[in-house]
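The values are calculated or read from the model by the stated rules, or taken from the named source; none is laboratory data. Just so it is clear, the model here is predicted, and its values are computed rather than measured. Virtual Cβ from ideal backbone geometry, glycine too; neighbours counted across all protein chains shown. Surface accessibility is based on the protein's heavy atoms, side chains included, excluding ligands, DNA and RNA. Shrake-Rupley method; radii C 1.70, N 1.55, O 1.52, S 1.80 Å.
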Amino acid sequence: MKQRRHISTQAACRLAILTVSLALAGCEAPGTQTPTATATSSKKILLLKNRVTFQVPTRWVLTQESKEEGHRVAYFIPFQAATATNYTANASVVAQPCSTSLTVQEYGDSVLAQIINPNDGNVIISDSPDGEFWRSVLWRGQGQIPYVIWDRFGVENGISVHLRVAYPLLKNSSEAQQLLTDEINTVTDTLAIQ
C-alpha cells in the first residue's frame with residue numbers, strides 16, 4: 001500500500017524545523033546568507049522484511065541495528081557545528097508489528113509520554129497529523145543545551161514506525177542546520193509502510 005501524506009503539512013513542518021532551530025540558536029534566518037551546504041546522496045533501507053522503507057543519507061553512520069521486538073536502526077549524523085563539542089546529532093528508526101486497531105495518535109502519544117516532561121523544560125513546538133496514518137512532532141528538549149527533536153510516526157497495516165532525529169542548537173550553525181534539514185526531509189519524504 002502506498003504512503004499517504006499531505007504535502008502542505010510536511011512543507012509547514014520542514015519550514016518549522018529550520019526556522020525554529022535557527023531562531024533558537026541565534027542564527028540568521030533562511031535567505032539572509034548564501035548557503036554552501038548541499039544535500040548528500042542517499043541509500044534505500046528496508047526494515048521488517050521490506051514492510052518499512054526509507055532513504056538515508058550516505059554520510060549518516062549506522063551505529064546500531066537490532067531485530068529484537070521489531071527492527072531498529074540508529075545513526076550518528078556528522079554535524080559540523082558540533083565537532084568541537086561533546087554534543088552529537090543522531091537519528092533512529094524503529095519499526096515493529098502492532099495491533100491493527102492502534103491509531104497513529106495513540107502510538108505517538110505513548111512514545112512521547114515516556115520522554116516529554118514540561119517540568120524538564122521540554123516543549124512541543126508543532127504537532128501535525130498527516131492524514132489518518134502519519135503524524136509529525138517537532139519539539140525542543142532541554143538539557144545542558146537545547147536540542148531540536150523531530151519525531152515522525154506512522155501506523156498502518158499492523159505496522160508502526162517511529163523516526164526520530166535530534167540535534168543540538170548551537171550558535172553559528174545555520175549552514176549545518178540547513179544541510180541537516182534537507183536530509184531530514186529526504187528521510188521523512190521517503191519513509192513508507194508497505
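Would you be able to say whether some residue in the stretch 51-58 is of a type in the set (A, V, I, L, M, F, W, C), within 30 Å of LYS171 (Cβ to Cβ) and in contact with a strand residue (DSSP E or B) (Cβ under 8 Å, 6 or more places away or on another chain)?
Within the stretch 51-58, one or more residues are of a type in the set (A, V, I, L, M, F, W, C), within 30 Å of LYS171 (Cβ to Cβ) and in contact with a strand residue (DSSP E or B) (Cβ under 8 Å, 6 or more places away or on another chain).
Can you tell me how many residues in the stretch 144-174 are surrounded by fewer than 21 Cβ atoms within 10 Å (Cβ to Cβ), charged (D, E, K, R) and under 18 Å from the mean Cα position of the chain (by Cα)?
Looking only at that region, the number is 1.
When both residues are 6+ apart or on different chains and their Cβ atoms are under 7 Å apart, which pairs have a first residue that lies in the stretch 135-153 and is under 13 Å from GLY108 (Cα atoms) and acidic (Asp, Glu), and a second that is in a strand (DSSP E or B) and open to solvent by 30 Å² or more (accessible area, probe 1.4 Å)?
Correct list of pairs: ASP151/ARG164.
Quick check on the stretch 71-119: of everything there that is open to solvent by less than 20 Å² (accessible area, probe 1.4 Å), in contact (Cβ under 8 Å) with a residue 40 or more places away in the chain and among the β-branched types (Val, Ile, Thr), which residue is farthest from THR58 (Cα to Cα)?
Of everything passing the filter in the stretch 71-119, VAL104 is farthest from THR58 (Cα to Cα).
One residue is enough: does the stretch 151-158 have a residue meeting the conditions more than 18 Å from PHE54 (Cβ to Cβ) and in contact with a strand residue (DSSP E or B) (Cβ under 7 Å, 6 or more places away or on another chain)?
Within the stretch 151-158, one or more residues are more than 18 Å from PHE54 (Cβ to Cβ) and in contact with a strand residue (DSSP E or B) (Cβ under 7 Å, 6 or more places away or on another chain).
Inspect all residues belonging to the stretch 120-143 and state whether any of them is farther than 17 Å from VAL52 by Cβ, in a helix (DSSP H, G or I) and open to solvent by 10 Å² or more (accessible area, probe 1.4 Å).
Within the stretch 120-143 (the criterion being farther than 17 Å from VAL52 by Cβ, in a helix (DSSP H, G or I) and open to solvent by 10 Å² or more (accessible area, probe 1.4 Å)), the answer is yes, since at least one residue qualifies.
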